[in-house]
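Visitor: Here it is, the structure in full.
The values are calculated or read from the model by the stated rules, or taken from the named source; none is laboratory data. Just so it is clear, the model here is predicted, and its values are computed rather than measured. Positions of Cβ are generated from backbone atoms using ideal geometry, with glycine treated the same way; all protein chains shown enter the neighbour counts. Please note that ligands, DNA and RNA were not included when accessible areas were found on the heavy atoms of the full protein model with its side chains. Shrake-Rupley method; radii C 1.70, N 1.55, O 1.52, S 1.80 Å.
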Amino acid sequence: MRPPSQNEFTIAIICVLPLEGKAVEDLFDETYDRLGEYYKKQPGDNNAYVYGRIGNHNVILCYMPGMGNCSAASVALRLKISYRRVKVALVVGICGGAPYPLSGGEIFLGDVIISDSIVQYNFGRQYPSGFEKKTDVKNTLRRPNQAIHAILASLQARRSRSDFQERLSWHLKTLQESLPDWQRPTTVDDILFEASYQHKSEDSYKAAVNSTCIRLGCDLGRVCRRRPSTENRGPRVHIGTVASADMVMKSGEHRDRLVKSDGVIGFETGGVGVWDMISCIIIKGVCDYADSHKTKAWQAYAAATGAATAKALLEYLPSNSVFTKDTQDELFDINEYTVF
């Protein structure tokens, strides 16, 4: 049943790419409005919204007009002006993953990154000798609100993490059964090259970027990890620090330096812009290893795992109906937490 007022929406999902938004929309349990016929925006708000229900939550899906933190900040600001009752945003989509995080274990393509903190790695000072990243950026950004913080803490327990991954796998299966677009690649292996080995170039850099390692003949002797496409392994969830910037990370060596210095587990664009405007959590499926060998082969599957994880996470949040205005404001207060 369609909510009678836009005040019934307290959760937003923000996607940078149309592919990411499509995966989320395909997991809607019900769509209320797509053209803004029922829920009106404020004048000057040019965000594109889709309104619907996921589980017990009324959500607003917001498509960003472009990449980057400035664009994300503008989107989040307009969202807050038009829909004042929205207190939590999920930034859902795809990202680059850190294959060997400091916390141990391994991250593979198709796994999912969930943020419990964020660093803006391109924020700092440019000196003649080089770029110096500000080391206190992490302390200048908002942290997740109480409700989200409690959920992330509970997922650190092995049993809770296992149950959560079962829910995510169920939603992923539902998504894949509805459309074949979201299937795991069956002809492209999950390949990780040595961090120092650059993608083999051809006549133009742009052409090289858009060409596969097999087509260009990248040296397979420099592969340090390979997972066959036939391996039947479901996505795993990793919680930790996400690195965000206006640029895409495509350097294995730079990636590994940030993993070592900041404990980063993933790299994305746009999250900082939302994070500093509204209490949020970043949920991204890993589609590459943030190095020069990245391709688009895993993007659709990663978008699907990210969307499925977002739906599973919403099941852990209390439904809109159990809140009064006062308790809701208390749970989703972002003014109380401005520093880590």
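Visitor: Check which residues have an amide H placed less than 5 Å from Ala48's amide H, if you skip close sequence neighbours.
Guide: Placed amide hydrogens put Tyr63 under 5 Å from Ala48.
Visitor: Can you tell me the dipole magnitude for the range 242-293 around its Cα centre, using point charges on the Cβ only (Lys, Arg +1; Asp, Glu -1), in Debye to the nearest 20?
Guide: Using Cβ point charges on Lys, Arg, Asp and Glu, the range 242-293 gives about 80 debye.
Visitor: Assuming R0 = 25 Å, what is the FRET efficiency of Glu177 and Arg233, from their Cβ-Cβ distance, to the nearest 0.05? Spell out each step's value before the answer.
Guide: Working: r = 19 Å, r/R0 = 0.76.
That gives a FRET efficiency of 0.85.
Visitor: Convert each backbone phi in the range 230-246 into a coupling constant with the Karplus relation 6.51 cos²θ - 1.76 cosθ + 1.60 (shift: θ = phi - 60°), then list the ³J(HN,Hα) values in order as whole Hz, x for Gly and Pro.
Guide: Couplings: 7, 5, 9, 10, x, x, 10, 9, 10, 10, x, 7, 10, 9, 10, 6, 8 Hz.
Visitor: Taking the Cβ of Ala195 as the centre, find all other residues whose Cβ is under 9 Å away and add up their charges (Lys, Arg: +1; Asp, Glu: -1).
Guide: Values: positive: Arg255; negative: Glu194, Glu253, Asp256, Asp291.
After counting each charged neighbour, the total is -3.
Visitor: Please compute one quarter of the surface area of the Cα convex hull for the range 1-76 and express it in square nanometres.
Guide: On the way: hull surface 20.2 nm².
Mean projected area of the Cα convex hull: 5.0 nm².
Visitor: Which GluC sites (Glu not before Pro) does the range 210-310 hold that lie in a coil by DSSP with at most 15 other beta carbons within 10 Å? Write down the numbers at each step before the final one.
Guide: On the way: sites: Glu231, Glu253, Glu268; in loops: Glu231.
Listed in order of number, the matching sites are Glu231.
Visitor: List the residues whose amide H sits under 5 Å from the amide H of Leu27, counting only those 5 or more places along or on another chain, with H placed 1.01 Å from N in the peptide plane.
Guide: Those lying under 5 Å, H to H, from Leu27: there are none.
Visitor: Which FRET efficiency, nearest 0.05, do Ser5 and Asn46 yield, Cβ-Cβ r, R0 22 Å?
Guide: Once the sixth-power term is evaluated, E becomes 0.50.
Visitor: Sticking with this structure for a sec: Taking 0.36 nm per residue of sequence separation and subtracting the Cα-Cα distance, how much length would be gained by fully extending the chain between His149 and Thr187, in nm to one decimal? Before the final figure, lay out each step's value.
Guide: Working: separation 38, 0.36 × 38 = 13.68 nm, distance 3.88 nm.
Length gained, His149 through Thr187: 9.8 nm.
Visitor: Under 5 Å between amide H atoms, partner at least 5 residues away or on a different chain: which partners does Ile13 have, H built in plane at 1.01 Å?
Guide: Ile60, Leu61, Cys62, Leu90
Visitor: Right, something else. State the percentage of accessible surface on the range 1-114 attributable to carbon and sulfur atoms; use a 1.4 Å probe and exclude ligands, DNA and RNA. Write down the numbers at each step before the final one.
Guide: On the way: 2440 of 4540 Å².
About 54 percent, which is the carbon plus sulfur part of the accessible surface.
Visitor: May I ask you to derive the relative contact order of the range 44-116, considering only C-alpha pairs under 8 Å and at least 6 residues apart, and to give it as an integer percent? Each step should come with its number before you reach the end.
Guide: Details: 46 pairs, mean separation 13.7, N = 73.
Dividing the mean separation by the residue count of the range 44-116 yields 19 percent.
Visitor: Right, another one. Quick one: net charge around Glu30, please, counting Lys, Arg +1 and Asp, Glu -1 for every other residue with C-beta under 14 Å from its C-beta.
Guide: Values: positive: Arg2, Arg34, Arg53, Lys311; negative: Glu8, Glu25, Asp26, Asp29, Asp33.
Within the 14 Å Cβ shell, the charges total -1.
Visitor: Still on this structure, please answer the following. At a Förster distance of 51 Å, what's the computed FRET efficiency of Asp29 paired with Leu102, Cβ-Cβ distance as r, to 0.05?
Guide: On the way: r = 38 Å, r/R0 = 0.74.
FRET efficiency, Asp29 to Leu102: 0.85.
Visitor: Which value in nm describes the separation of the simple spin-label points at Ile81 and Arg159, placed 7 Å from the Cα toward the beta carbon?
Guide: 4.9
Visitor: Next up: If you find the alpha carbon centre of the range 223-299 and of the range 63-119, how far apart are they in angstrom?
Guide: After rounding, the separation between the Cα centres reads 11 Å.
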